[in-house]
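Below: the structure, in structure tokens.
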Amino acid sequence: MQKTYRNGAIGALTDEYEKALEELKTLMLKIPDDEFKKVYSKDVNTDFQSVKNLVLHITRSGYVYANHIRKRFGNSYVIPKIEITKTEQGIFELDKMFQYTIETFEDKWHLTYNQLMNTIIKTSWTTYDLEAIIEHAIVHVLRHRLQIEKMIIKYKIL
């Protein structure tokens, strides 16, 4: 089956974001629900104590990135209440977050590279251009997917 790619620079970044999320969801499907919820380490930030909490953190962060972009362009945004108790529910919430991100880009696919680089987005932790905040969102997923992979090995989850 041939993949259909999105257009433009934002399209390419969005395709990579989707790929990172697909890799995470593929990994999640291997994790039984009881292991998904299990707290493995109380010595770390709550967001990183279980696979469930990591997935919740990734999902919430995805909305934060999309909302920063929406605010920059004067678009409406939401801060959803997200609950995850099972692996399947985590995958569903990641899909909803990604769909929200796609909708965020609805009228931005045509932006040129210069427009991307000159669209400045200030967050509470740093300042990005539009390309950089999307790249940050992608790497955020990749970084935490790797963290989950390491948890699987360390705690013999599978």
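Specify the residue that is nearest to I133 (Cα to Cα); the eligible residues are those in the range 42-59 that are free of Cβ contacts under 8 Å to residues at least 24 places away in the same chain and in a helix (DSSP H, G or I).
Selected residue: D47.
Which numbered condition trips up I84, out of (1) surrounded by fewer than 19 Cβ atoms within 10 Å (Cβ to Cβ); (2) over 16 Å from L130 (Cβ atoms)?
Condition (1) is where I84 drops out.
Condition first: part of a loop (DSSP other than H, G, I, E, B), touching a residue at least 12 places away in the same chain (Cβ under 8 Å) and not β-branched (V, I, T). Now tell me which residues in the range 108-126 satisfy that.
Scanning the range 108-126 gives K108, W109, H110, L111.
Go through I133, I148, I153 for me and flag whichever is free of Cβ contacts under 8 Å to residues at least 12 places away in the same chain, under 22 Å from L56 (Cβ atoms) and not charged (D, E, K, R).
It is I153.
What number of residues in the range 1-15 are hydroxyl-bearing (S, T, Y) and crowded, with 16+ Cβ neighbours inside 10 Å?
Selection size over the range 1-15: 1.
Tell me, which residue of the range 16-41 that is among the hydroxyl-bearing types (S, T, Y) and exposed (fewer than 14 other Cβ atoms within 10 Å of the Cβ) is nearest to the chain's Cα centre (by Cα)?
Among them, the one singled out is T26.
Which one of these does L111 not meet: (1) under 17 Å from A9 (Cα atoms); (2) under 13 Å from the mean Cα position of the chain (by Cα); (3) surrounded by 15 or more Cβ atoms within 10 Å (Cβ to Cβ)?
With (1) under 17 Å from A9 (Cα atoms); (2) under 13 Å from the mean Cα position of the chain (by Cα); (3) surrounded by 15 or more Cβ atoms within 10 Å (Cβ to Cβ) applied to L111, the lone miss is (2).
Take A66 and decide whether it is among the small types (G, A, S), part of a helix (DSSP H, G or I), in contact with a Ser or Thr (Cβ under 9 Å, 6 or more places away or on another chain) and on the phi < 0 side of the Ramachandran plot.
Here the answer is yes, as A66 does meet what is asked.
Between N45, N67, which is among the polar types (S, T, N, Q), at pLDDT 95 or above and either surrounded by 15 or more Cβ atoms within 10 Å (Cβ to Cβ) or out of contact with any Phe, Trp or Tyr (no Cβ under 8 Å at 6 or more places or on another chain) (or both)?
N67
Can you say whether I84 is more than 19 Å from L21 (Cβ to Cβ), among the aliphatic types (A, V, I, L, M), touching a residue at least 12 places away in the same chain (Cβ under 8 Å) and in a loop (DSSP other than H, G, I, E, B), as far as the supplied structure shows?
Judged against the criteria, I84 is not a match.
Residue-by-condition table, conditions (1) touching a strand residue (DSSP E or B) at 6+ places or on another chain (Cβ under 9 Å); (2) crowded, with 18+ Cβ neighbours inside 10 Å; (3) part of a helix (DSSP H, G or I):
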{"site": "S76", "(1), (2), (3)": "no, no, no"}
{"site": "P80", "(1), (2), (3)": "no, no, no"}
{"site": "F98", "(1), (2), (3)": "no, yes, yes"}
{"site": "Y128", "(1), (2), (3)": "yes, yes, no"}
{"site": "A132", "(1), (2), (3)": "yes, no, yes"}
{"site": "V139", "(1), (2), (3)": "no, no, yes"}
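The values are calculated or read from the model by the stated rules, or taken from the named source; none is laboratory data. Since the structure is predicted, the reported quantities are computational estimates derived from the model, not experimental observations. Backbone-built Cβ (ideal geometry, glycine too); neighbour counts: all protein chains shown.
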